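Worksheet: the structure to be examined is printed underneath.
Where a number appears in this text, it was derived from the coordinates with a stated rule and is not lab data. From a predicted model like this one, the values you see are computed outputs, not experimental measurements. No Cβ is skipped: glycine too gets one built from the backbone with ideal geometry, and neighbour counts run over all protein chains shown.
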Amino acid sequence: MSVPSRPPPVRRRARRPSDGPSGLRRAGGYDERMSITLLLSVIALVAVLGVVAAIFVGGAVYVRRVRRDGTDSVLAGARKRRELRD
């Protein structure tokens, strides 16, 4: 059994029209690299999820305060803060 002295040559495939300018294979018309549109979409999604989470956390804090102190106490505290601000 003989052992080849060097590995077989690498066969490169021919360029296709669907290849991008960088030579990357395009799937569905898009380069394999992350596009700015995808990046902005992900940032917008994270921002919206952050706002929704903040609303839920704020609601939970308010409900806890109302259950612990009572509605009248919470409203009296809000009135006092408003008077101090004016």
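Label positions at Phe56 and Asp69, each projected 7 Å from the Cα along the C-beta direction, are separated by 2.5 nm. Between Ile43 and Ala78, the modelled labels are 3.6 nm apart [label points 7 Å from Cα along Cα→Cβ].
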